[in-house]
1. Among the listed residues 105, 156, 129, 112, which satisfies the condition of being buried (at least 17 other Cβ atoms within 10 Å of the Cβ) and farther than 27 Å from residue 58 by Cβ?
2. Restricting to region 221-256, name every residue that is surrounded by 14 or more Cβ atoms within 10 Å (Cβ to Cβ) and under 30 Å from residue 66 (Cβ atoms).
3. Just name the residue that is surrounded by the fewest Cβ atoms within 10 Å (Cβ to Cβ) out of those in region 89-102 that are under 24 Å from the mean Cα position of the chain (by Cα) and in a helix (DSSP H, G or I).
4. Identify, please: which residue in region 43-88 is assigned to a helix (DSSP H, G or I) and among the acidic types (Asp, Glu) and is, among those, farthest from residue 154 (Cα to Cα)?
5. Inside region 73-103, can you point out the residues that are free of Cβ contacts under 8 Å to residues at least 40 places away in the same chain and under 22 Å from residue 207 (Cα atoms)?
Amino acid sequence: MTSYDRPTTDAHAHPDSSAGPSSAPPGQGAEDVPDGRQVTEAALFEAFGGVRGMVETVVPGLLFVTIFTINKDLHVSAIAALAVSLVLAAVRLVRKDTVKHAFSGVFGVAFGVVFAMMTGNAKDFYLPGMLYTLGLAVAYIVTTLAGVPLIGLMLGPVFKENLSWRTRNPGRKTAYAKASWAWGLILLAKCAILFPLYWWADTTQLGWILIALKIPPFLLAVYLTWIFLAKAPPPIDVFAEMEAKEKAEEEAEERRRTERETLDGVADDLCRNLVQEITAEPPADRPPGGGRHRR
């Protein structure tokens with residue numbers, strides 16, 4: 001167990017603790033700590049891509065189902081969806097923005113295109129994404145039951161707390177568990193709607209219902225996550241703690257070096273004075289032999 005995972009008895013360790021002076025990172029006053037709701041909102045936007053991430057997730061599938069509804073051409077629909085996802089990723093590259101959400105969309109669309117082309121069934125364009133959603137729902141639930149909620153693993157680095165919430169901040173662990181349950185159950189409910197439609201509905205019906213279920217469940221899960229975390233104790237900034245520890249070690253080393261230099265200087269002065277006394281010539285008016293006269 002590292003020093004940043006060790007249980008503590010400060011305000012962070014109690015689920016009902018309010019943010020006080022101890023919640024501020026070392027070297028930072030409590031009045032300088034950002035509002036917990038604002039920090040949580042910013043972290044969620046960073047983790048899930050915000051409005052732009054949602055748009056990049058929806059547009060390729062929307063283009064696919066729109067074109068297929070019009071001309072029933074699998075190849076044209078698939079190529080158009082893949083092309084627009086590549087364009088969205090390219091725009092992010094040009095603007096030097098975060099590309100993880102755009103590239104995840106590219107890979108998702110590419111898998112759907114390849115799968116649909118291989119089977120010749122347009123509905124299979126949606127199957128990889130549906131399987132991914134089901135797997136993600138199971139992951140949220142299993143990790144929560146195992147005591148390491150997936151939301152905590154995802155958001156811990158964003159909040160600069162890493163895994164400190166597991167042992168040092170039980171209130172946040174509880175919030176992460178609630179959020180992970182919310183994500184898992186919402187995604188399972190989504191799968192319970194989509195998989196029967198995969199077997200019973202045609203491609204157009206499945207596509208439009210899937211598009212309709214893209215954003216609302218996502219927004220609901222994000223909102224619940226924000227509620228749970230905004231009410232939880234503030235995160236422990238382990239990065240700030242490590243920086244403070246390194247700074248304290250550097251200052252201690254500097255003090256030890258200064259003390260050594262001072263002691264070395266004193267020792268050099270003593271040795272120099274001693275050598276001077278030993279090597280000094282006796283006074284000229286003092287006869288050799290300590291001033292004794294022989295008869």
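1. Numbers: 105 fails: farther than 27 Å from residue 58 by Cβ; 129 fails: farther than 27 Å from residue 58 by Cβ; 112 fails: farther than 27 Å from residue 58 by Cβ.
The match here is 156.
2. 221, 222 - these are the residues of region 221-256 that are surrounded by 14 or more Cβ atoms within 10 Å (Cβ to Cβ) and under 30 Å from residue 66 (Cβ atoms).
3. Narrowing region 89-102 to residues under 24 Å from the mean Cα position of the chain (by Cα): 89, 92-93, 95-102.
From the residues that got through so far, the ones that are in a helix (DSSP H, G or I) too are 89, 92-93, 95, 100-102.
Details: 89: 19, 92: 18, 93: 12, 95: 9, 100: 11, 101: 22, 102: 23.
Among them, the one singled out is 95.
4. We begin by selecting, within region 43-88, every residue assigned to a helix (DSSP H, G or I); these are 43-48, 50-71, 74-88.
Going one step further and asking which of them are among the acidic types (Asp, Glu), we end up with 46, 56.
Numbers: 46: 11, 56: 20 Å.
Here the residue is 56.
5. Correct list: 73, 76, 79, 80, 82, 83, 84, 85, 86, 87, 88, 103.
This table checks each residue for (1) free of Cβ contacts under 8 Å to residues at least 12 places away in the same chain; (2) more than 23 Å from residue 48 (Cα to Cα).
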{"residue": "171", "(1), (2)": "no, no"}
{"residue": "196", "(1), (2)": "yes, yes"}
{"residue": "212", "(1), (2)": "yes, no"}
{"residue": "226", "(1), (2)": "no, no"}
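Bear in mind these aren't lab numbers, they're just calculated from the coordinates by the rules spelled out. Remember, predicted model here, so these are calculated numbers, not experimental data. Note: ideal-geometry Cβ built from the backbone for every residue, glycine included; neighbour counts use all protein chains shown.
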